[in-house]
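The values are calculated or read from the model by the stated rules, or taken from the named source; none is laboratory data. From a predicted model like this one, the values you see are computed outputs, not experimental measurements. Glycine also receives a Cβ, built like all others from the backbone with ideal geometry; neighbour counts cover every protein chain displayed. What goes into the accessible areas is simple: the full protein's heavy atoms, side chains included, and nothing from ligands, DNA or RNA. Shrake-Rupley method; radii C 1.70, N 1.55, O 1.52, S 1.80 Å.
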Amino acid sequence: MPNRPRILLQTTIPIPIDDRGIARFGKLAELLRTEGFDVVARDRDPLPGPDPVLSALDTSDFDAAWLFAVDTGDGLTADDCAAISRFRRGGRGLFVTRDHMDLGSSVCDLGGVGKAHYFHSKNPDPDAARHAADDTVTTDILWPNYHSGANGDWQRIAVEGARHPVLDGVDRLPAHPHEGGVGAPADEPSARVIATGTSLATGQRFNLAVAFEADDSGGRAFAASTFHHFADYNWDPATGSPSFVSELPGSGMATHPAALASAQRYAVNIANWLVGR
């Protein structure tokens with residue numbers, strides 16, 4: 001039997017008491033294991049020192065790394081970023097996701113895929129017209145904060161350009177009240193936006209995912225607008241959320257099994273594509 005592809009799922013915060021640690025992505029880890037992946041799921045070691053796994057990622061035996069940037073700007077050290085960048089330059093797959101405003105902005109220091117993530121205070125969207133709040137209900141969260149729906153509901157997606165392999169069988173994704181911003185960097189010819197969503201608040205279209213094909217600069221990479229597309233709470237609100245989540249959840253994922261199946265297909269497709277399977 002061939003070896004199972006090895007994937008690292010990791011957050012950018014230490015094990016939390018009441019936050020979005022890797023345990024809140026347990027359904028994703030379980031799904032990928034059932035699909036034939038060897039999954040290691042962990043939170044980072046405490047700062048200020050480098051994380052022992054991330055800072056040596058390029059010397060590891062992982063085939064792909066999934067980074068859930070749930071920090072407020074300090075989740076990755078220079079050593080972490082350098083090793084993660086070398087990991088991809090060596091030809092392996094890299095997935096990076098974040099959320100609204102400046103949540104996860106430490107990823108900006110990653111080579112290539114880091115530039116696909118736009119934040120409020122760091123690497124803002126080059127389109128200045130988007131420097132405005134989309135979700136105006138949760139007023140302490142500033143742009144980018146695209147409102148695709150309630151946690152626990154789903155959003156219909158639009159395919160951009162030729163349908164990318166990760167969108168095979170995918171027409172819906174979990175919704176979230178304030179998604180972050182992503183885009184294809186102008187100086188990355190292998191990158192393109194593959195899917196967009198539509199704000200329920202303003203009707204504005206916004207990017208959901210950017211795919212980087214393998215080229216001379218490194219292996220395949222993927223930038224997603226929000227980690228909520230993959231979180232337990234968004235697949236099933238009954239699993240609970242951190243206490244600071246104030247918005248009421250929806251029931252769309254629970255009442256439309258096809259929506260959950262689409263979200264799970266998306267995750268598995270990404271995993272397969274990143275390792276070339």
(request) Mind listing the long-range amide H neighbours of L208? Cut-off is under 5 Å, sequence gap 5 or more, other chains count too, H placed in the peptide plane at 1.01 Å from N. (result) A195, T196, G197
(request) Treating only the Cβ atoms of Lys and Arg (+1) and Asp and Glu (-1) as charged, compute the dipole magnitude of segment 66-166 about its Cα centre; round to the nearest 20 debye. (result) 640
(message) Compute, for segment 150-277, the length of the dipole vector about the Cα centre, with Cβ point charges of +1 (Lys, Arg) and -1 (Asp, Glu) only. Units Debye, rounded to 20.
(response) 300
(message) Loop only by DSSP, 14 or fewer other Cβ within 10 Å of the Cβ. Give me the trypsin sites (Lys or Arg not before Pro) in segment 163-234 that pass, ordered by residue number.
(response) R163
(message) Between D61 and D19, how high is the FRET efficiency from 1/(1 + (r/R0)^6) when r is the Cβ-Cβ distance and R₀ = 30 Å? Nearest 0.05.
(response) 0.55
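Where only protein heavy atoms count, and the probe is 1.4 Å, what is the accessible area per residue for segment 137-277 in Å²?
That works out to 38 Å² for each residue.
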(request) For E213, E179, write out the residues from largest to smallest accessible area, computed with a 1.4 angstrom probe and no ligands counted. (result) E213, E179
(request) In debye, nearest 20, what is the charge dipole magnitude of the chain about its Cα centre with +1 on Lys and Arg Cβ and -1 on Asp and Glu Cβ, if you could check? (result) 720
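Using a probe of 1.4 angstrom, how much of the accessible area of segment 180-272 is carbon and sulfur, in percent? Walk me through the numbers on the way to the answer.
Numbers: 1880 of 3480 Å².
Roughly 54 percent, rounded to a whole number.
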(message) Using a 1.4 Å probe on the protein heavy atoms, what percent of the accessible area of segment 16-142 belongs to carbon and sulfur?
(response) 52
(request) Obtain the nm distance between the two label points defined at S243 and A258 by a simple spin-label model: each point lies 7 Å from its Cα along the Cα-to-C-beta direction. (result) 4.1
(request) Quick one: among L248, L76, L94, which has the greatest mean-square fluctuation in a GNM of the chain with alpha-carbon springs under 10 angstrom? (result) L248
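Excluding ligands, DNA and RNA, what is the solvent-accessible area per residue of segment 31-121 at a probe of 1.4 Å, expressed in Å²?
Heavy-atom accessible area per residue stands at 34 Å².
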(request) Would you mind telling me which residue in T12, T239, T77 has the biggest mean-square fluctuation in a Gaussian network model of the chain, where springs connect alpha carbons within a distance under 10 angstrom? (result) T239
(request) Note down the net charge around D79, summing +1 for each Lys or Arg and -1 for each Asp or Glu among other residues with Cβ under 15 Å from its Cβ. (result) -4
(message) So I have (1) 71, 46, 37; (2) 45, 43, 41; (3) 52, 49, 32, and one of them is Cα extents along the principal axes in Å calculated from this model. Which one is it?
(response) (2)
(request) Give me the net charge of G112's neighbourhood, meaning all other residues with Cβ under 14 Å from the Cβ of G112; Lys, Arg count +1, Asp, Glu -1. (result) +1
(message) Spelling out what I want: for every residue of segment 215-232, take phi, set θ = phi - 60°, compute 6.51 cos²θ - 1.76 cosθ + 1.60 (Karplus), and round to whole Hz; glycine and proline get x.
(response) 8, 5, 8, x, x, 5, 8, 9, 10, 10, 5, 7, 6, 5, 5, 10, 7, 3
(message) Order 24-34, 62-72 from most to least packed using the mean count of other Cβ atoms within 10 Å.
(response) 62-72, 24-34
(request) Please turn the phi angles of segment 144-157 into ³J(HN,Hα) values with the Karplus equation 6.51 cos²θ - 1.76 cosθ + 1.60 (θ = phi - 60°), one per residue in order, whole Hz, x for glycine and proline. (result) x, 7, 5, 9, 9, x, 7, 4, x, 9, 10, 10, 7, 9
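Given the DSSP H assignment, sum -39500 (n - 2.57) over each helix run of at least 4 residues in the chain and divide by its residue total; what's the result at 222 nm in deg cm²/dmol, nearest 500?
-5000 deg cm²/dmol
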(request) With springs connecting C-alpha atoms under 10 Å apart, model the chain as a Gaussian network and identify which of Q264, Q155, Q204 has the largest mean-square fluctuation. (result) Q204
